[in-house]
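Engineer: Quick one: structure below, then a few questions.
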Amino acid sequence: MDAKDQAMIQGMDRLGFKLVGAMARIFGSLAAKDEETYWYGIRSADGNGFVDLTAVIGNTDTASVEITQEADFVGTRILMMSVNPTTGAILAPQVAGGPSFTVTIRDGSSDRQLVQYPIHAELVAGTAQRSVPFTKNRLFRRNSTVFFDYVNLQAVATRIYMAIQGFKVFDESALDLVRRR
């Protein structure tokens with residue numbers, strides 16, 4: 001390959017990189033300089049990054065997400081995955097014998113319920129394969145806590161991993177909740 005061909009390839013690479021960056025800015029998927037993509041995972045009462053529901057119908061447990069002091073957090077979706085606590089195998093909720101549990105969610109900073117009544121977790125978060133985005137981005141204030149309460153609906157032992165996906169906003173004046181991420 002000669003120098004002319006190499007220069008042409010480098011030019012095309014630069015153009016492609018600029019086009020990708022422009023598309024990301026147009027569709028709002030590129031974080032601004034005062035934003036950072038982040039995932040806040042749940043914490044159970046015993047400090048684990050998961051919740052274990054025992055194989056008893058009606059078994060309950062709680063967890064929370066603590067938003068740090070450094071930035072406000074704009075949540076765009078809740079992600080969820082269930083595994084067998086003994087084997088670690090992923091449990092498919094839609095398969096007979098899979099996990100089934102309800103969840104209620106409360107924002108501790110405003111004491112507002114994100115879920116009016118306990119509803120099935122799949123309705124809130126979808127599945128590990130297909131998560132459900134919030135219909136509108138949700139602002140969680142810095143130094144606040146989001147509480148999750150779970151109730152097992154089947155006699156299936158389940159280990160639940162959940163996280164709120166979104167982005168930290170360090171400059172409060174730059175909050176733009178209208179823009180879709």
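The values are calculated or read from the model by the stated rules, or taken from the named source; none is laboratory data. Remember, it's a predicted structure, so these values are computed and weren't measured experimentally. For neighbour counting, all protein chains shown are included, and Cβ atoms are generated from backbone atoms with ideal geometry for every residue, glycine included.
Engineer: Test A71 against the stated conditions and say whether it is over 26 Å from N84 (Cα atoms) and modelled with pLDDT of 85 or more.
Structural biologist: In short, yes.
Engineer: Still on this structure, I have one more. Looking at region 98-125, I want the residues that are touching a residue at least 12 places away in the same chain (Cβ under 8 Å) and have a partner that is among the basic types (K, R) with Cβ atoms under 6 Å, at least 6 apart or on another chain. Which pairs are those?
Structural biologist: S109/R141
Engineer: In the set L153, L139, L123, L177, which member is in contact with a strand residue (DSSP E or B) (Cβ under 9 Å, 6 or more places away or on another chain), at pLDDT 85 or above and surrounded by fewer than 14 Cβ atoms within 10 Å (Cβ to Cβ)?
Structural biologist: Values: L153 fails: surrounded by fewer than 14 Cβ atoms within 10 Å (Cβ to Cβ); L139 fails: surrounded by fewer than 14 Cβ atoms within 10 Å (Cβ to Cβ); L177 fails: at pLDDT 85 or above.
Within the list L153, L139, L123, L177, the selection yields L123.
Engineer: Let me ask something additional. Please identify the pairs in which a residue from region 134-159 that is within 23 Å of V83 (Cα to Cα) has its Cβ atom under 7 Å from the Cβ atom of a residue that is among the aromatic types (F, W, Y) and not in a strand (DSSP E or B), counting only partners at least 6 apart or on another chain.
Structural biologist: These pairs meet every condition: R159/F50.
Engineer: Oh, and also: Taking V156 as the residue in question, decide whether it is under 19 Å from T60 (Cα atoms) and not in a loop (DSSP other than H, G, I, E, B). Step through it out loud before you land on a result.
Structural biologist: Numbers: under 19 Å from T60 (Cα atoms): yes; not in a loop (DSSP other than H, G, I, E, B): no.
For V156, the condition - under 19 Å from T60 (Cα atoms) and not in a loop (DSSP other than H, G, I, E, B) - is not met.
Condition check ((1) within 20 Å of R138 (Cβ to Cβ); (2) among the aliphatic types (A, V, I, L, M); (3) surrounded by 10 or more Cβ atoms within 10 Å (Cβ to Cβ); (4) at pLDDT 85 or above) across all residues:
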{"residue": "G11", "(1), (2), (3), (4)": "no, no, yes, no"}
{"residue": "G16", "(1), (2), (3), (4)": "no, no, yes, no"}
{"residue": "T54", "(1), (2), (3), (4)": "no, no, yes, yes"}
{"residue": "A63", "(1), (2), (3), (4)": "yes, yes, yes, yes"}
{"residue": "E66", "(1), (2), (3), (4)": "yes, no, yes, yes"}
{"residue": "Q94", "(1), (2), (3), (4)": "no, no, no, no"}
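Engineer: Taking region 33-52 as the search range and keeping residues that are assigned to a strand (DSSP E or B) and among the hydrophobic types (A, V, I, L, M, F, W, C), which one is surrounded by the fewest Cβ atoms within 10 Å (Cβ to Cβ)? Explain how you work it out, then say what you get.
Structural biologist: Taking region 33-52 first, the residues assigned to a strand (DSSP E or B) are 35-41, 43-44, 51-52.
Narrowing further to those that are among the hydrophobic types (A, V, I, L, M, F, W, C): 39, 51.
Working: W39: 12, V51: 25.
Taking the candidates together, the pick is W39.
Engineer: Test V56 against the criterion of being hydrophobic (A, V, I, L, M, F, W, C), under 28 Å from E172 (Cβ atoms) and assigned to a loop (DSSP other than H, G, I, E, B), and give yes or no.
Structural biologist: Values: hydrophobic (A, V, I, L, M, F, W, C): yes; under 28 Å from E172 (Cβ atoms): no; assigned to a loop (DSSP other than H, G, I, E, B): yes.
No: the conditions fail for V56.
Engineer: To continue, here is another question. Every residue in region 97-120 that is part of a loop (DSSP other than H, G, I, E, B) and in contact with a strand residue (DSSP E or B) (Cβ under 8 Å, 6 or more places away or on another chain), please.
Structural biologist: Hits for region 97-120 are G98, P99, S100, G108, S109, L114, V115, Y117, P118.
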